Amino acid sequence: MTGPLEGVRILDLTSNFMGPYASLLLADMGADVWKIESRAGDTTRGVGPSRNPGMSAIFLHLNRNKRSLVLDLKSAGGSAALERMIGSADVLLYSLRPRAMARLGLSYEDARAINPRIIYCGCYGFGQNGPYADRPAYDDLIQAAVGMPVLQSRKAGPPTYVATAIADRVVGMAASTAVSMALFRREKTGVGQEVQVPMFETFAHFVMGDHLYGHTFDPPIGDWGYGRMMNPDRRPYRTLDGGYLGVNVYVDKHWQRFFEISGHPEMVEDPRFADINGRTQNIGILYEFLGQVFETKTTAEWMKLLTEADIPVIEMNTPESLLDDPHMREVGFFVDQDHPSEGPLKTMAIPQQWSESQPDLRYPAPRLGEHSVQLLTDAGFDRGEIDELLNSGATYTPEVRAAHSAG
């Protein structure tokens, strides 16, 4: 058995970041993910450095453990092929706006009529019962809509986005969880269902748990925003030799020990810092203090002192130095892979450990249409039907494309 979702077949009609991250998490857990792409391919095939067209770094990391099938869903043959596949699928996952799915004849009602057990999951911009229902959405838009740049601005000046596709990946994770839970319920009841995972609402839930803050109460008790998170001095601390440390001096005993080992025992008795409520109100003073104190000793000295005092600390990495982090090396997080078309690559291991159904890296990220013939065969199409789809352009494979280019 390779992963807890072995035997689950997912038709993946997503592209870009959010949906492919959701299907990546499901694929890594053993699901058989059929990545259904247009003739142009997923947009991320062109994002970032690559050795060959359509196989960028971003695409490679979002699409391992999946197989690629090209279907032109605007053609009669491609549309009919997908409808046939729905009959034997467990999940249909999509990131188009629902109206676009309906225009393709792929609404939930259409899918359910073919397969009442289908889990039909849409992850898209906005809930369909609100005025933004038909708007497009991307990570930057959702960060802005939820107020993330304003939260960042309290730390660093003008509003700015977080330096990763955080909304896409958080909502993708929520979609993978929703699919898993819907599958669990179907196992108990035998009934499929539609699941809607809107970006705006899902990411707002993620962010506002911290930052609704004083506005949690009616009337408000103070301002919105968790002050500790937005303080500009909440940052890695520079040490005497130019290194940086991530440090969380957090609970009472941490602060008491830190005041002692840093040479400021008098601060233990200061009522402003005696408990977490007082420290939260005076966090700016404490962060400024930490910034000054950490510059008095080297990285190695602080690592020794803080580790011995059981105060949470770690050396700051860059993405490059993380590759050589001793813990990551020991657990085998970064894996050397010999991709069949892209050559030597670094990929990431599956982080979880399972005692009975350990997932594995089964497939490298696919070339566009690499598995078209294989997946159509798995879906019950015979050779004549497959040739008809290839000849009509409703599907194709890299080999067919290469032959046409050579001709």
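The values are calculated or read from the model by the stated rules, or taken from the named source; none is laboratory data. Please read all numbers here as calculations on a predicted model, not as lab measurements. Don't worry about glycine lacking a Cβ; one is built from the backbone with ideal geometry, like all the others, and counts go over all protein chains shown.
Looking across F217, F203, one residue alone is within 29 Å of G147 (Cβ to Cβ), surrounded by 16 or more Cβ atoms within 10 Å (Cβ to Cβ) and either touching a Lys or Arg at 6+ places or on another chain (Cβ under 6 Å) or not acidic (D, E) (or both). It is F203.
When you go through I311, I285 one by one, which is the residue that is without any contact (Cβ under 8 Å) to a residue 40 or more places away in the chain, out of contact with any Cys (no Cβ under 6 Å at 6 or more places or on another chain) and among the aliphatic types (A, V, I, L, M)? Testing whether each residue is without any contact (Cβ under 8 Å) to a residue 40 or more places away in the chain, out of contact with any Cys (no Cβ under 6 Å at 6 or more places or on another chain) and among the aliphatic types (A, V, I, L, M) leaves just I285. When you scan segment 125-171, how many residues do you find that are crowded, with 18+ Cβ neighbours inside 10 Å and either hydrophobic (A, V, I, L, M, F, W, C) or in contact with a strand residue (DSSP E or B) (Cβ under 7 Å, 6 or more places away or on another chain) (or both)? Final tally of qualifying residues: 12. Only one of the numbered conditions (1) surrounded by fewer than 17 Cβ atoms within 10 Å (Cβ to Cβ); (2) in contact with a Pro (Cβ under 8 Å, 6 or more places away or on another chain); (3) assigned to a helix (DSSP H, G or I); (4) not basic (K, R) is not met by I285, and that is (2).
What number of residues in segment 33-88 are in contact with a His (Cβ under 7 Å, 6 or more places away or on another chain) and among the small types (G, A, S)?
Keep residues of segment 33-88 that are in contact with a His (Cβ under 7 Å, 6 or more places away or on another chain), which gives 67-69.
Subset that is among the small types (G, A, S): 68.
Result for segment 33-88: 1.
Which of the residues spanning segment 365-388 are of a type in the set (A, V, I, L, M, F, W, C) and in a loop (DSSP other than H, G, I, E, B)? Result: A365, L368, A379, F381.
In segment 146-214, counting only helices (runs of 4 or more DSSP H) that sit wholly within it, the ones holding 3 or more residues that are closer than 29 Å to A89 by Cβ span 166-189, 199-211. Across segment 244-253, the number of residues qualifying as modelled with pLDDT under 95 and either of a type in the set (A, V, I, L, M, F, W, C) or closer than 19 Å to E295 by Cα (or both) comes to 3.
Might you check whether a residue that is assigned to a helix (DSSP H, G or I) and either touching a residue at least 24 places away in the same chain (Cβ under 8 Å) or surrounded by 21 or more Cβ atoms within 10 Å (Cβ to Cβ) (or both) occurs anywhere in segment 355-364?
Step one: list which residues in segment 355-364 are assigned to a helix (DSSP H, G or I), which gives none.
Within segment 355-364 (the criterion being assigned to a helix (DSSP H, G or I) and either touching a residue at least 24 places away in the same chain (Cβ under 8 Å) or surrounded by 21 or more Cβ atoms within 10 Å (Cβ to Cβ) (or both)), the answer is no, since none of the residues qualifies.
Filtered by the rule that a residue be within 14 Å of I350 (Cα to Cα) and of a type in the set (D, E), segment 315-336 gives a lone residue, D336. Is it true that T296 is of a type in the set (S, T, N, Q), closer than 30 Å to R257 by Cα and part of a helix (DSSP H, G or I)? No; evaluated as a whole, the condition is false for this residue. Residues of segment 292-310 that are touching a strand residue (DSSP E or B) at 6+ places or on another chain (Cβ under 7 Å) and surrounded by 16 or more Cβ atoms within 10 Å (Cβ to Cβ): F294, T299, W302, M303, L306. Taking the listed residues Y226, Y250, the one that is hydroxyl-bearing (S, T, Y) and outside the structural domain of E308 (by TED's automatic domain parsing) is Y226, with no other qualifying. Among the criteria (1) over 30 Å from G87 (Cβ atoms); (2) of a type outside the set (D, E); (3) assigned by TED's automatic domain parsing to the domain that holds G77, the one R362 does not fulfil is (1). Under the condition of being outside any helix (DSSP H, G or I), among the basic types (K, R) and crowded, with 18+ Cβ neighbours inside 10 Å, the residues counted in segment 224-268 number 0.
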